[in-house]
1. How long is the gain from Asp183 to Ala134 if the chain were fully straight, where each residue apart is worth 0.36 nm and the alpha carbon distance is subtracted?
2. If each DSSP helix of 4+ residues adds -39,500 (n - 2.57) and the sum is divided by the residues in the chain, what number results at 222 nm, nearest 500 deg cm²/dmol?
3. May I ask which of Lys320/Lys439; Lys109/Lys136; Lys270/Lys305; Lys109/Lys270 have a Cα-Cα span longer than 27 Å here?
4. Along the Cα→Cβ direction, 7 angstrom out, place labels at Glu382 and Glu501. What is the inter-label distance in nm?
5. For Arg492 and Thr268 in the same chain, what is the full-extension length gain: residue separation times 0.36 nm, less their Cα-Cα distance, in nm?
6. Run the numbers for Arg122 and Asp478: contour at 0.36 nm per residue of separation, minus the present Cα-Cα distance, in nm.
7. Percent of Cα-Cα pairs more than 25 Å apart in the range 373-507, please.
8. For the range 443-453, what does the Karplus curve 6.51 cos²θ - 1.76 cosθ + 1.60, with θ = phi - 60°, yield as ³J(HN,Hα) per residue in whole Hz, taken in order and with x for Gly and Pro?
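Laboratory data are not the source of any read-out in this text; all were calculated from the coordinates shown. Everything numeric here is computed off the predicted structure, so don't read it as measured data. FYI the Cβ positions are ideal-geometry reconstructions off the backbone, even for glycines, and counts take in every protein chain you see.
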Amino acid sequence: MGRSRPVRSRGLFDWYNLRPIDPIAHISGVPDAMLEDNSRCSPQYTDSLPDFGTGKKRGTFWIHTYGCQMNVHDSEIYSGQLRRLGLVPAETPEQADVILLNTCSVREKAEEKLFSELGRLRRLRELDEARRQAGKEPVRIGVTGCIAQQRGEQIIERESSVDFVLGTRAIRALPSVLDALADGQEAQVVTEDFIDFDASDADRLDRVRAFVTIMEGCNNYCSFCIVPTTRGLEVYRTGDEIIDEVRGLSIRGYREVTLLGQNVNSWTDKSTGLDFPGLLRRLDEELAGDIAGVERVRFLTSHPKDLSPALIEEMGRCSKIAKHLHLPVQSGSDRILQEMNRHYTRRDYLQIVERLRGTVEGVGLSTDLIVGFPGETDKDFEATLELIREVDYDSFYSFEYSPRPDTAALSYDDTLPPEIKRQRLVELQELQRDIQARKNREWEGQTVEVLVDSFSRKTRDDVSGRTSSNQIVNFTGDRKLIGILVDVEITRSGAHSLYGEIRSHSR
């Protein structure tokens, strides 16, 4: 039987009826690295049929997350909604009644991963008839996130296994969409702008660190970037809402909070005029007396053109603000920066770095870089290498340019051979490996304060944490140390992390 044309979800009046729920069990271990694949799973499973919406019969769900920290946090909210409907995480997609693929569209490779995964999931459709004979609903497969926002109905038209598509600002539509499907409606596509910042029911994946979204969207229109299309223009939460959420997380025992936005430096409370430096100052004051609560506040991501001297001053002054900044530069060539529509020059960027290091003692600095942008010459690439040497980054994320639809750079003359792009990426990454190894060696013999957040990835005999400046430190310890600030003497260094011995507990 052919599929009917997808319809836009009806009955949206009840999207915002969700109420805060009691804290739920936390599952730790979400990777911090940007642009990773993050699967959410748990060994729990049940055969019972879920009643998606009004009832609470138990069922299962499986979420696969592609992309940045904002997508991870969105998946936490989706997970919280599904738990509230009575579903529990499944160990594998084959065991799930509801499957969500929360997508990223920053690079073309992410789209390829999505459709490859959908192809693998198509085999689950072969089980639908058996499920019906057993009195069950068919498995529900949904695509959410940035690709969903951008491609909408095209996804369902291309891939018959998909039941629903939810855009980046339609997160709260999930219960209504599942209800509509259970009532026999056809495939659902919701990409309208119904933004809701409430994360009170989020299923937090970490017991120590929490994400807090302070804004959505971006107004910058960098020529290579699809974010204004997929996330929309900038919309800000109020300062009081942000502070209330952070205070609540502190009361619940979270030790670190990361403020999220595509361009956090441009955040403004339109009702009061409070700017981002002022928000950091208020948070620092609120948390200063809360010994058992949040010890560090981080923020992602910053745009150099909006990084004000006032923000740097607050980073240096506020004890609760982490001494680390992720400041994407993208290129070291003024010509390429202009083509990218970045609104700053190489000199502007270096002046920011100089002020930052002169004001914030021991600050850690990371960045994003693109190689192979249309028209990039050998001279342009060498300018990027020179900038890396001059700034001496602690770490960075680097990528080959990926042409994206609905961006200005898509019309640029992109004639650079793929092998040259790959060669430049390898050269750039080799340079950074050398710099990072040298900088890591410089930590040997020093004692640093570490917030322990998880077991080490390699062994359960070791725990892992981060310094305020974002260095990863591994050392021997047990579960009781997770969530505690400890002093660790660095005894050796690796390519990407440090190793040490605990000297004392801070708090």
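1. The Asp183-Ala134 span can extend by a further 15.8 nm.
2. Values: 14 runs with 153 residues, N = 507.
Result for the chain: -9000 deg cm²/dmol, rounded to the nearest 500.
3. Lys109/Lys136; Lys109/Lys270
4. 4.9 nm
5. Numbers: separation 224, 0.36 × 224 = 80.64 nm, distance 4.31 nm.
So the chain would gain 76.3 nm between Arg492 and Thr268.
6. Full extension from Arg122 to Asp478 adds 123.9 nm.
7. Numbers: 4050 of 9045 pairs.
It works out to 45 percent of all Cα pairs.
8. Ordered by residue, 3J(HN,Hα) equals 7, 4, x, 8, 9, 10, 8, 10, 8, 6, 10 Hz.
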